[in-house]
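To start, the structure itself, in structure tokens.
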Ligand SMILES: *Cc1c(COP(=O)(O)O)cnc(C)c1O
């Protein structure tokens, strides 16, 4: 029997999109997550909350971000018009600040003065340290030691902003280990501490809450493309780590069935488990993503035959994670969104093309979406348009690229 097409994507009261999502946490976190859900629901329905948030997004973060017609990338593709949603122009250089600002306002509403967060590439850590400085909140950032090494400049930035950066030496010393440490801290200090999670991941209400704070991207993009071209785009393309910038762009278009939603995962440098972070490609890339629970939520998780969570690899720290947000799992299984992957080498080529053809140095995460966008555009007529989410700028990656070239 054919499934009906998906035209909306809302979780039930327990935070489930179908079987995905939910709340798989130790007993001590159930009450705090309930409290958070209640306060978020109240804030979500409070016009004063949105007025304050929108004002800060405008005056402090730099919203709305432009939708830029990338003519030379378009010429390179020789097909549909390519538009770039310029989240890289936001304060701190990526979409992460949209969510950090929203949650910091929520923390303040809840009277919590100690903020903890995890970070991979360091972008979420910088965004969190920034909003904590702005509101005078204490800030502790957990970061894997390997990520801290790859993104030393961001560690320095966070410290300049007054945050305490705790490097984590457990496991593979990357994002998953940082989240474990942050969760451990939260369990211990939950009475005065707010956990400001950085992607559309984790136990309910985080996947929903982070999405709500990121959908500003898609709402603006929808208005902008309609006023520029007079019609909806044929496709949206975004890189997918935990899934926040992509769901933020996709969500306001879910009911527009003619708009393709395309997420790009990290294909890394090989097909075997451990060499990539393409959670949806158990068939094409050998070994991998199956339904399971990781860090509080049910979704697709890269795991071995025994259900052990697999290590991942990506040239970009921000896509280097074994699981994907539960709403993406739902959109994937329902056939509403498509997921492809780009390898490290393809990301590097996208990075160079975007820099040379448009004068925009994208983040390595973002770079995963560039070649795919060219491919998709090349198969469409010139009077159609596609939107690429330019999730962040590449200043943080320039040193890594320089090292690769020597
Ligand atoms: C963190 C990050 C990502 C990946 O995270 P999502 O939650 O999947 O958006 C992508 N791009 C940039 C620039 C990032 O900083």
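None of the figures in this text is laboratory data; all of them are computed from the coordinates on show. Since the model is a prediction, treat every value here as computed from it, not as a measurement. Every residue, glycine among them, receives a Cβ derived from its backbone with ideal geometry; neighbour counts consider all protein chains shown.
From a point 7 Å beyond the Cα of residue 59 in the direction of its Cβ, which residues of the range 108-134 have a backbone N at a distance under 17 Å? In the range 108-134, the label zone of residue 59 (backbone N under 17 Å from the point 7 Å along Cα→Cβ) covers 131, 134.
Mean-square fluctuations from a GNM of the chain, with a 10 angstrom spring cutoff on Cα atoms, peak among 394, 111, 122 at 111. A Förster radius of 22 Å combined with the Cβ-Cβ distance from residue 69 to residue 349 puts the calculated FRET efficiency at roughly 0.50.
Sorted fewest first by neighbouring Cβ atoms within 10 angstrom, 85, 176, 19 come out as 19, 176, 85. Placing a label point 7 Å from the Cα of residue 133 along the Cα-to-Cβ line, the residues of the range 156-183 whose backbone N sits under 15 Å from it are 156-165. Expressed in units of 2.2 N^0.38 Å, where N is the residue count, the Cα radius of gyration of the range 79-165 is 1.19.
Residues 90, 160, ranked from the fewest to the most other C-beta atoms within 10 Å, line up as 160, 90. Under 10 Å, Cα contacts only: if you run a Gaussian network model on the chain, which one of 164, 35, 212 comes out with the highest mean-square fluctuation? With Cα springs under 10 Å in the chain, the top fluctuation among 164, 35, 212 is at 35. In terms of its C-alpha gyration tensor, the chain has a rounded overall shape, because the principal axis ratio a/c (a ≥ b ≥ c, square roots of the eigenvalues) stays below 1.5. Sorted largest first, the principal axis extents computed over the alpha-carbon atoms of the range 148-264 equal 50, 31, 27 Å. Per-residue ellipticity at 222 nm computed for the chain from its helices equals -12000 deg cm²/dmol, with DSSP H segments shorter than 4 residues left out and the rest contributing -39,500 (n - 2.57). Per-residue Cβ neighbour counts within 10 Å put 143, 158 in the sequence 158, 143, beginning with the fewest. Mind running the shape call on the range 310-395? Use the C-alpha gyration tensor, a ≥ b ≥ c as the square roots of the eigenvalues: rounded below 1.5 for a/c, prolate if a/b tops b/c, oblate otherwise. In terms of gyration-tensor shape, oblate. Using R0 = 22 Å, the C-beta based FRET efficiency linking residue 152 and residue 113 works out to 0.15. Packing, taken as the mean count of other beta carbons within 10 Å per residue, orders the peptides 309-319, 52-62 from highest to lowest as 309-319, 52-62.
For the chain, set up a Gaussian network in which alpha carbons nearer than 10 Å are linked by springs, and say which option among 218, 268, 334 fluctuates the most. Greatest mean-square fluctuation among the candidates belongs to 334. Would you kindly state how much longer the chain becomes between residue 50 and residue 231 on full extension, computed as 0.36 nm times their sequence separation minus their alpha carbon distance, in nm to one decimal? Extra length from residue 50 to residue 231 when fully extended: 62.3 nm.
In a fully extended conformation the segment linking residue 145 and residue 8 would gain 45.3 nm over its present Cα-Cα distance, using 0.36 nm per residue.
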